[in-house]
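The values are calculated or read from the model by the stated rules, or taken from the named source; none is laboratory data. Because the structure is predicted, anything quoted here is derived from the model rather than measured. Please note: Cβ atoms are built from the backbone with ideal geometry, for glycine as well, and neighbour counts cover all protein chains shown.
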Amino acid sequence: MLRDEQLSILRDISQSVAFADDRQGMVGQLIAEGYVMKDGDLFELTAKGVTAIEEHAAALGGIDAEQI
């Protein structure tokens, strides 16, 4: 199960939001676990990353994943 900080990073990536350098280690872990992939200088969610965000949104009471 992903921690809140990891889910926050996934949401930032899905919204193309830049994140601080101190979160780079966490991004590396998410890449290794298959939630994120790096394409040049950009990070993108994999299908697994998208699913994690959608499942977390559903667990919070059915919030539309696009609102996250």
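Of all residues in the stretch 22-68 being more than 15 Å from residue 1 (Cβ to Cβ), surrounded by 15 or more Cβ atoms within 10 Å (Cβ to Cβ) and not hydrophobic (A, V, I, L, M, F, W, C), which is modelled with the highest pLDDT?
Taking the candidates together, the pick is 46.
Give the residues of the stretch 1-49 that are β-branched (Val, Ile, Thr) and not in a helix (DSSP H, G or I), sorted by residue number. Step through it out loud before you land on a result.
Quick first cut of the stretch 1-49, residues β-branched (Val, Ile, Thr) only: 9, 13, 17, 27, 31, 36, 46.
Matches in the stretch 1-49: 17, 36, 46.
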